[in-house]
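Please treat every number below as a calculation from the coordinates, not as lab data. Since this is a predicted model, take the numbers as computed values, not measurements. Please note: Cβ atoms are built from the backbone with ideal geometry, for glycine as well, and neighbour counts cover all protein chains shown.
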Amino acid sequence: MIRSFRPLKNLLHVSQVRSFHKTLYLSNNQNYSPGLVGVIASESSICTVGTGEGLNYRGYNVMDFAEHSSFEEIAFLLIHGHLPNKKELDLYVSKMASHRELQKPLKTILEQLPNTSNPMDILRTVASTMGCFEPECDNASLHKSKNNQWESADKLIASFGPALLYWHHFHQNGIRITTTTLPQDTIAQNFLKLLKQTQEPDEDMVHAVDKTLILYAEHDLAASTFAARVTTSTSSDLFSAVTTAIGTLRGPLHGGANEAAYKLISQFSDPDQAEEGVMKMIKDKEIIMGFGHRVYKKGDPRSAIVKKMAKALSEKINTQESKDLFKIAERIEKVMYREKKLLTNLDFYASVVYHLCNIPTSFFTPIFVIARTSGWAAHVIEQREDNVLMRPLSNYVGPDPSSTEFRPLLQRQ
Ligand SMILES: CC(C)(COP(=O)(O)OP(=O)(O)OC[C@H]1O[C@@H](n2cnc3c(N)ncnc32)[C@H](O)[C@@H]1OP(=O)(O)O)[C@@H](O)C(=O)NCCC(=O)NCCS
């Protein structure tokens, strides 16, 4: 039997359409989950968060990575699907280094962007600009040709630090820096060399930044990753997905929390003052940045690693400021647990680590971008393998359509 399509209105009288809509939104109501809490939106083999044996990337425990690996190994694992052997890793490190030379038009754009811009806006613009100059593939064949996705992901990760620091030094110090360093330099080494314009950054600081990159690399369907997958689900390109994700990461409830946590900690000059201030914030029902998590309710496993690094760095630097900073952070942690039973998330002590590495506060979230681009790319690639357009419904609570009458412009009061 041939079934011809007839628009709904041809099948039903308009009043029946209205009652149909009412039924529809009433039935949606039953599945409504504000903030998508508890909703499973995709299948993934990339990461476990809060299930099974803690946090794992492609089955491997992140604790082992934090102990034994470099960020490049993790980026390779996430994007290319397996842990590299020594030869593959050496090649990958030098390939990433080869992408640090920025294209001239990108440098011109970075020079034109205001020196007052938020560094997250700079990175969002870098991702978008790279999508214009080095697109993944031509638009017409976007959904068919995915051959450049791995290359594009690597380029983005390798270019973000150099681009941010090119913009920074041009506007802050009036210099056009060379963004390449030694071909064997890791992303952490390159970042600190460019930031501080030195050939010999402190090894413990390089180690600390490298470890935070590993811990920030992937976290399942965090808001930015979900946003990247939504963009990908429309058969869009990787640069668009990463641009979307950066915009989503920027907010203080997500990636911006590390900057907000440092602002909180640094406003106090000693632990007693911190206790008093945080008690007042709790009383005023304010959100304390760097605490709590949508998934981890018994603590963020990454937190202990960054806390240990923050303590070691503060002791190594051994100034009154470095020691006080750590003590203030610890007191806030103690008060939050005592008063609210809330535990620190990764962002809290990561902010202390970054400050102790002399990294400007506004670069904390951009470092998160460099790391998480590996996770975003892994999800983009995975979404494409078995794509379904993501298109949820809303629970309509607006004016009742059955009593909302349209009047042409001149008949309106
Ligand atoms: C991450 C976050 C958005 C998770 O939110 P969530 O899943 O909705 O948290 P919950 O609903 O489980 O919170 C339970 C209670 O603790 C409170 N709470 C959670 N995190 C809090 C925080 N950081 N400061 C103060 N109170 C907090 C909530 O207000 C809620 O209180 P209520 O029951 O009286 O309304 C939230 O913890 C937060 O805003 N944290 C600060 C920002 C941050 O650090 N983000 C980085 C996340 S990795």
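For the reader, a short list of remarks on this structure follows.
- With respect to the chain, whose longest principal axis is taken over its alpha-carbon atoms, helix 14-29 is tilted by about 30°.
- Two-site label geometry, residue 36 and residue 118: point separation in nm, points 7 Å out along Cα→Cβ: 2.1
- Cβ-based net charge around residue 170, under 13 Å, with every Lys or Arg adding one and every Asp or Glu removing one: +1
- On Cα atoms only, tilt of 149-173 relative to the major axis of the chain in degrees: 60
- Computed lengthening from residue 85 to residue 234, 0.36 nm per intervening residue step minus Cα-Cα distance: 50.1 nm
- Couplings 3J(HN,Hα) for the range 235-241, derived from phi with the Karplus relation 6.51 cos²θ - 1.76 cosθ + 1.60 (θ = phi - 60°), are 6, 7, 8, 5, 5, 5, 5 Hz, where x marks Gly and Pro.
- Within straight-line reach of residue 155, meaning a Cα separation under 16 Å, sit the following lysines at least 8 residues removed in sequence or on another chain: 95, 104, 107, 146.
- Anchor residue 311: lysines whose Cα lies under 25 Å away (excluding residues fewer than 8 positions away in-chain): 193, 196, 211, 263, 297, 298, 323, 327, 334, 340, 341
- Relative to the longest principal axis of the Cα atoms of the chain, the long axis of helix 71-80 lies at roughly 30 degrees.
- Note on residue 319 and residue 411: the model spin-label points, each 7 Å out from Cα along the C-beta direction, lie 7.3 nm apart.
- Between residue 45 and residue 253, the C-beta separation translates, for a Förster distance of 35 Å, into a calculated FRET efficiency of about 0.80.
- The chain, Cα convex hull volume normalised per residue, Å³: 228
- Efficiency of FRET between residue 269 and residue 394 - r from beta-carbon atoms, R0 60 angstrom, step 0.05: 0.80
- Scanning residues 5 or more positions from residue 251 or on other chains, those with amide H under 5 Å from its amide H are 256, with H placed 1.01 Å from N in the peptide plane.
- Calculated [θ] (222 nm, deg cm²/dmol) that DSSP helices of n ≥ 4 give over the chain, each run adding -39,500 (n - 2.57): -18500 deg cm²/dmol
- Length gained when the stretch residue 387-residue 134 is fully extended (0.36 nm per residue, less Cα-Cα span): 88.7 nm
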